[in-house]
1. Select from segment 70-88 the residues that are touching a strand residue (DSSP E or B) at 6+ places or on another chain (Cβ under 9 Å) and either surrounded by fewer than 21 Cβ atoms within 10 Å (Cβ to Cβ) or part of a loop (DSSP other than H, G, I, E, B) (or both) and list them in ascending order.
2. Please enumerate the residues belonging to segment 100-142 that are among the polar types (S, T, N, Q) and farther than 21 Å from residue 47 by Cα.
3. Quick one: would you say residue 131 is modelled with pLDDT under 90, part of a loop (DSSP other than H, G, I, E, B) and under 18 Å from the mean Cα position of the chain (by Cα)?
4. Quick one: which of 39, 52 is modelled with pLDDT of 95 or more and touching a His at 6+ places or on another chain (Cβ under 8 Å)?
Amino acid sequence: MDAIRDPATLREEPDVEYSETRTTDGQDAFDYFDGIAGLVAIGITNDEGAVLLMDSPHGWRLPYGHVDAGSDWLARTEEIGEMLTGVPVRAAEVLRVSEITHELRTDADQTATSFDAVVGTDPVDGEPLAHDPTFGEWETLELDWFDEVPEDAYHTHADAVDDIEYFLE
């Protein structure tokens, strides 16, 4: 795949589910999203059909991390994937992109745009996990391989479960 520096360029791609949404954020959330290009969730599967998930405060979900402005989203996907698994990971497909306009709660005229993207990778061999799979915002990170959606998945966020199911098909 070619480099992707602006996920908005995928708006017309027939194989990419593209959506736009608007949120109203407090100062901390607004500042966070104003300082990054967005978040990439990574669908890492293995040759047995299992998917790598991370345990979040809300339940199991695809692992994800931030993407800095101007960065290549696919290179960041591969970087995070290797940090988590300890083996080379290759980005293979972009499944979904959400363009999010963040409006500052105290000043509706202040907005910032970020993206959420879901990127799948080529399958990896076995069930590799890095010795220390922490990075960036994750001081501790629990990871595991699943061949079905876990009961304690992040069910209150429908897209999170839909994304897991997509990679288990």
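1. Step one: of segment 70-88, the residues touching a strand residue (DSSP E or B) at 6+ places or on another chain (Cβ under 9 Å) are 73-81, 83-85, 87-88.
Hits for segment 70-88 are 75, 78, 79, 83, 87, 88.
2. 101, 106, 110, 111, 113, 114, 134, 140, listed by residue number.
3. Against the criterion (modelled with pLDDT under 90, part of a loop (DSSP other than H, G, I, E, B) and under 18 Å from the mean Cα position of the chain (by Cα)), residue 131 does not qualify.
4. On the way: 52 fails: touching a His at 6+ places or on another chain (Cβ under 8 Å).
That would be 39, the only listed residue that is modelled with pLDDT of 95 or more and touching a His at 6+ places or on another chain (Cβ under 8 Å).
Table: residues versus (1) within 17 Å of residue 117 (Cα to Cα); (2) free of Cβ contacts under 8 Å to residues at least 24 places away in the same chain; (3) part of a loop (DSSP other than H, G, I, E, B); (4) in contact with a Gly (Cβ under 8 Å, 6 or more places away or on another chain).
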site: 19; (1), (2), (3), (4): yes, no, no, no
site: 23; (1), (2), (3), (4): yes, no, no, no
site: 31; (1), (2), (3), (4): no, yes, no, no
site: 39; (1), (2), (3), (4): yes, no, no, yes
site: 42; (1), (2), (3), (4): yes, no, no, yes
site: 55; (1), (2), (3), (4): no, no, no, no
site: 65; (1), (2), (3), (4): yes, no, no, yes
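The values are calculated or read from the model by the stated rules, or taken from the named source; none is laboratory data. Note that the structure is a prediction, hence the values are computed from the model and not measured. When we count neighbours, we look across all protein chains shown, and the Cβ atoms used for this are built from the backbone with ideal geometry, even at glycine.
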